[in-house]
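Here's the structure we're looking at; comments come further down.
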Amino acid sequence: MNGSKPKKVLKVLVLSDLRYIKRLHQADLRFEAYLVTMSELDRAAISAMRRSYGDQGLSEADLAPNPLAQFQSWLHEAAQNPIIVEANAMVLGTIEEDGPATRTVLLKDVTDGGFTFFSNYQSQKGRQIALNPKVSLLFPWYAMERQVIILGAAKEIDRSESEEYFATRPWSSQIGAWASLQSEPLVSRSELEVRFQKYSKEFPEGSSVPIPPYWGGYVVQATSIEFWQGRYSRLHDRIRYTANSFEGQYLGLANNGWKAERFFP
Ligand SMILES: Cc1cc2nc3c(=O)[nH]c(=O)nc-3n(C[C@H](O)[C@H](O)[C@H](O)COP(=O)(O)O)c2cc1C
């Protein structure tokens, strides 16, 4: 054993407070910062983070019989709320053989047919959806003590619809779609910028930019939509509408094959 080597220290970055840097080793003109795990104080502070949720609950009487209508009404309220940034941002979960993957995408349409977003069909998510179309969508509207979780299957929308939407995007976003080989490793930022310049010359501003063949929309046809509303004493309201399978008490909410049931929080 080389006694002059620094001891291995758990390397956990605590970016919020550099006071917790406990050791700094200098070796061979290299500086290595070994940052220790969070102190007990930090952990206690995190564990104490909690809010008391409100009195405004979800009552069966107030819910729309159709969950898509109920969703539209919550999305509208979230979009009106000045504290909520990007009310249409949702976390898309996909499945790969060796585990799950998540990322944020933007909802661009919601109809009886489902929830639409746009992406690169050759991206990680695109490859995963091609192998297994089952996905989840989660809208985290924390400022309103609300969450909506949707389960369903994603499929590519009609090409003409993707073309129509692509044409409405700003020119720079259109060029960005050409420039990005989404989810592929990138050697340096300049490689991306060079690609952007290349496509900017090929499709100059003001010209009609064609849709990249690998870019388009997905629609998620929901089989389950759960509405969560935070309540006092952690007695939150959870109401889940299901389209296919259903076990439990009907709430009297039934529309277009949708049934709803309440769950323990
Ligand atoms: C607020 C926000 C909105 C985003 N919207 C989209 C989107 O609509 N479509 C998309 O492909 N990526 C979007 N992204 C980027 C994705 O989160 C992700 O990085 C990218 O799609 C690559 O994911 P993948 O490698 O898992 O396929 C968004 C990211 C954020 C933070």
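Name the single residue that is farthest from K125 (Cα to Cα) among those in the stretch 156-191 being within 13 Å of the ligand (Cβ to nearest atom) and exposed (fewer than 14 other Cβ atoms within 10 Å of the Cβ). Restricting to residues being within 13 Å of the ligand (Cβ to nearest atom) and exposed (fewer than 14 other Cβ atoms within 10 Å of the Cβ), the top hit is S173. Of the residues making up the stretch 113-129, those that are farther than 15 Å from V219 by Cβ and either more than 9 Å from the ligand (Cβ to nearest atom) or outside any strand (DSSP E or B) (or both) number 5.
Selection of the stretch 97-112 for residues being within 13 Å of the ligand (Cβ to nearest atom) and β-branched (V, I, T) yields T102, T104, V105.
Note on the stretch 187-232: residues that are free of Cβ contacts under 8 Å to residues at least 24 places away in the same chain and among the small types (G, A, S) amount to 3.
Run down A143, A153, A87 and say which single residue is more than 14 Å from the ligand (Cβ to nearest atom), among the hydrophobic types (A, V, I, L, M, F, W, C) and modelled with pLDDT of 95 or more.
Criteria check complete, one pass: A153.
Within the stretch 102-133, the set of residues being within 25 Å of F71 (Cα to Cα) and charged (D, E, K, R) comprises R103, K108, D109, D112, K125.
Between residues in the stretch 100-124 that are in the same structural domain as W258 (by TED's automatic domain parsing) and at pLDDT 95 or above and residues that are assigned to a loop (DSSP other than H, G, I, E, B) and of a type in the set (F, W, Y), which pairs lie under 9 Å by C-beta distance while being six or more apart or on different chains? Sorted first by the residue in the stretch 100-124, then by its partner, the pairs are N120/Y214; Y121/Y214; Q122/Y214; S123/Y214.
Taking (1) in the same structural domain as I175 (by TED's automatic domain parsing); (2) outside any helix (DSSP H, G or I); (3) exposed (fewer than 13 other Cβ atoms within 10 Å of the Cβ) in turn, G54 satisfies each apart from (1). Can you pull out every residue in the stretch 206-225 that is buried (at least 19 other Cβ atoms within 10 Å of the Cβ) and closer than 30 Å to L63 by Cβ? G217, Y218, V219, V220, A222, I225, listed by residue number. Number of residues in the stretch 134-148 that are aliphatic (A, V, I, L, M) and either under 11 Å from A78 (Cα atoms) or out of contact with any strand residue (DSSP E or B) (no Cβ under 6 Å at 6 or more places or on another chain) (or both) equals 2.
The values are calculated or read from the model by the stated rules, or taken from the named source; none is laboratory data. All of these numbers come straight from a predicted model, not from anything done at the bench. As a convention, Cβ positions derive from the backbone with ideal geometry for all residues, glycine included, and neighbour counts pool all protein chains shown.
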